[in-house]
Every structure is written in structure tokens, then in C-alpha cells.
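The values are calculated or read from the model by the stated rules, or taken from the named source; none is laboratory data. What you see is a predicted model; the values in this text were computed from it and never measured. Cβ atoms come from the backbone with ideal geometry, glycine included; neighbour counts cover every protein chain shown.
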Amino acid sequence: MRLQGLDSLRGLAALAVVLYHYTFGYTQVVGKHMPGLDLIATDGHFGVYLFFIISGFVIFMTLERSAKVTDFSVSRFARLWPPYLVCAALTSLLIVVMDFNPHHLTVGDALLNVLMMNKVIGNVSIDLSYWTLTYEVLFYAGAAMIFFGLKIKRLEWACLAWLGLSFVARVSSFDEHHARVGVLLGVSFCHFFVMGMMIYLISQRRNSWLTMTTAILAFAMNLFGPAFNPGSIKLWQFMLLTGLFALVVWLVAERKIRFLNVAPLLFLGEISYSLYLVHQIAGYWVIRHLEDAGWDPDHAIWAAVLCAIVVATCVRRWVEVPAQKAIRGWYQATKQEYVRA
């Protein structure tokens with residue numbers, strides 16, 4: 001059964017990231033807002049960490065529901081790539097037509113974005129928000145390899161090995177020259193995925209001392225602090241925030257909180273992926289032009305949020321959902337034909 005509360009959490013996380021980019025992020029990429037800005041979301045980017053915890057929870061559940069690796073792979077491809085390609089194309093069109101290219105994207109960079117491996121390859125993302133997708137895809141691939149390839153059903157052992165590699169990398173001289181290896185290992189973010197997987201096992205009453213040990217060690221990795229901290233959040237605040245993220249995901253999994261199951265949050269959760277994909281560059285363009293036209297910066301930001309939600313809703317309705325149904329339907333039909341043959 002689908003946990004609607006997780007969708008709502010995704011929606012809230014996406015909105016936090018959007019507000020971070022439209023306030024603090026805008027000043028880093030485009031320039032200062034017009035005078036009079038009241039809304040500042042310097043810590044909104046931590047919503048990404050909540051995304052990662054939810055991904056760890058959901059992917060473990062998806063792995064167990066998949067009969068073989070192709071089932072899992074097709075499901076993930078159908079979920080991720082169609083809206084991604086459309087949103088990337090829309091953003092690229094805006095960059096070209098409106099001559100708005102704050103990240104100095106080249107044609108070669110844009111073409112390589114199809115792979116979702118920008119953090120490994122080192123090319124410029126069409127939208128800088130896409131950096132998280134590299135970690136997501138690598139996590140999916142690694143989890144599938146361990147679950148189906150190595151057939152390790154007690155993923156705690158693999159998670160402990162992953163955490164150990166991350167720990168060694170963090171305490172050693174892991175400088176910028178090793179950055180791509182760090183991305184492949186998920187050095188900065190693997191513990192969030194592990195936290196999500198352990199919460200899934202706990203919610204399914206399949207936890208043991210090994211599960212709890214893995215969960216505690218994953219949470220303890222937060223003692224290294226956030227990978228990016230523009231708001232200068234203190235370590236104890238960061239520990240509290242990440243602990244709260246884990247707690248809320250567990251409460252949703254246990255169905256102990258229901259207030260998240262309301263229509264506005266569920267709608268925001270449904271469009272969260274498309275919203276995340278389409279918001280940044282397009283939003284910057286809207287904000288800049290509205291402020292240049294004399295709009296109050298706060299009003300310009302909320303107008304950009306509304307525009308992003310409208311576009312994301314269209315992508316969700318006309319691309320994301322139909323594409324998932326079409327790809328999964330084609331895959332099921334192909335399997336049936338193979339069985340009959």
C-alpha cells in the first residue's frame with residue numbers, strides 16, 4: 001500500500017529547495033535581489049537530505065517487490081527519465097530563446113545531461129538541481145547489483161561496508177582531485193540512503209541488532225556536518241534536523257501521523273519530481289524579469305513558485321504519468337510475449 005505521507009514529505013522537501021534557490025541561490029547565480037526582500041531560505045537545501053532518506057526507504061521496498069533486475073530497472077527508468085528529458089528540453093529551450101544562460105551551458109554539456117551522470121562526468125548541468133540525480137541513479141544501480149547480482153538479502157552488511165568506505169574517505173586526505181571517486185562512493189550522502197533503508201526494515205518488523213547498529217552508525221555520520229552549509233547551521237542543529245527527518249519518515253511508515261494526508265500536500269507531493277526538475281533556471285528568469293519590471297522581490301518569488309507549479313503540473317499530467325503507464329505496459333506485454341514464445 002502506498003504511503004501518502006511520504007508523497008507529502010517529498011512535496012514539502014521540494015518546496016523548501018525551490019524557496020532556497022529563489023532566495024539565497026538566486027543571489028549566488030544571477031545577482032542580488034531588488035531591495036525589500038523579506039523571504040530568505042538559507043537552509044531550504046537540506047530538503048534534499050529528506051529526499052535521500054525517502055529514496056532509501058522506497059527503493060528497498062521496490063527491490064523486494066521486483067521479481068528480477070529488469071523489473072526494477074524498467075520501473076526506475078519509467079519513473080525518472082521521461083519527465084527529466086522533457087524538463088531538461090524545456091529549460092534548454094528557455095536558455096536559447098531567452099538568451100539566459102547563467103551557468104554558461106554549452107551544447108556538449110546539454111547533450112551529456114541525458115545520462116544523468118553530470119557529477120561523475122564533470123559537465124555543466126542544464127539545471128544545477130540535477131546534481132542530486134547522479135547520486136540517486138548510482139544508489140539505484142548499486143542497490144540493484146547487491147540485491148539481484150550478489151543476492152545479499154541482508155543489506156545491512158552491504159550498508160555497513162558502504163558507511164565504512166565513506167568514513168575512511170572523510171577522515172583521509174580526500175581532496176578535490178578525488179571528487180569523482182567520492183561521488184561514485186556517495187561519500188557525502190550515503191548515510192541518508194542507509195537511514196531510509198533501515199527505517200523500512202524497522203517499519204516491517206524485520207529489524208535485528210544488526211539493523212539498529214547500522215541505523216545508529218548511519219545517523220552518527222551526520223557528526224561530520226553538512227556537505228554544504230551556506231546558512232552556517234550549527235552541528236547540534238544539523239543533528240537535530242536530520243534526526244527529525246528520520247523520525248518523521250518512520251512515523252509516516254508506522255502510520256502514526258495523518259495530518260500530512262491532506263489534499264494540498266498530496267498534490268505537491270505528486271508534482272514534486274517535475275517541480276524539482278523544472279524550477280531553477282526558469283524561476284530565475286521569471287524573478288529577474290519581474291524585478292526588472294518593478295515588482296517587489298517577495299511577490300516576484302511567489303509568482304515564480306506559482307509558474308513552476310503550473311509547469312510541473314502539466315509535465316506530471318501529460319508526460320510523467322502517461323509515460324510511466326506506456327513504458328510499464330510495453331514491458332509487461334513484452335514479458336508475456338516472451339513467456340508465450
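Brief remarks follow.
- Among (1) surrounded by fewer than 18 Cβ atoms within 10 Å (Cβ to Cβ); (2) closer than 14 Å to PHE192 by Cβ; (3) modelled with pLDDT of 95 or more - the single one PHE224 does not satisfy: (3)
- Inter-residue pairs, beta-carbon under 7 Å, first touching a residue at least 40 places away in the same chain (Cβ under 8 Å) and closer than 18 Å to VAL262 by Cβ and in the stretch 1-24, second in a helix (DSSP H, G or I) and among the polar types (S, T, N, Q), 6+ apart: ARG10/SER272; GLY11/SER272; ALA14/SER272
- Any hit, the stretch 79-92, residues being out of contact with any Asp or Glu (no Cβ under 9 Å at 6 or more places or on another chain) and closer than 25 Å to GLY31 by Cβ: yes
- On the stretch given as the stretch 82-108, residues that are touching a residue at least 40 places away in the same chain (Cβ under 8 Å), outside any helix (DSSP H, G or I) and more than 12 Å from ALA282 (Cβ to Cβ) total 1.
- Hits in the stretch 269-310 (condition: within 19 Å of GLN28 (Cβ to Cβ) and within 21 Å of the chain's Cα centre (by Cα)): TYR276, HIS279, GLN280, ILE281, ALA282, GLY283, TYR284, ALA304, VAL305, ALA308
- The residues in the stretch 3-57 that are acidic (Asp, Glu), surrounded by fewer than 18 Cβ atoms within 10 Å (Cβ to Cβ) and part of a helix (DSSP H, G or I) can be counted, and the count is 0.
- Residue check: LEU306 meets all listed conditions (1) surrounded by fewer than 18 Cβ atoms within 10 Å (Cβ to Cβ); (2) hydrophobic (A, V, I, L, M, F, W, C); (3) over 24 Å from ARG76 (Cβ atoms); (4) in contact (Cβ under 8 Å) with a residue 60 or more places away in the chain but one, namely (4).
- Pair list, Cβ < 7 Å and 6+ apart or interchain, from the stretch 258-275 residues that are closer than 7 Å to SER8 by Cβ and at pLDDT 95 or above to residues that are of a type in the set (Lys, Arg) and assigned to a loop (DSSP other than H, G, I, E, B): none
- Among the conditions (1) surrounded by fewer than 16 Cβ atoms within 10 Å (Cβ to Cβ); (2) among the β-branched types (Val, Ile, Thr); (3) without any contact (Cβ under 8 Å) to a residue 60 or more places away in the chain, VAL187 misses just one, which is (1).
- Among residues of the stretch 200-221, those that are surrounded by 15 or more Cβ atoms within 10 Å (Cβ to Cβ) and either in a loop (DSSP other than H, G, I, E, B) or of a type in the set (Gly, Ala, Ser) (or both), counted: 4
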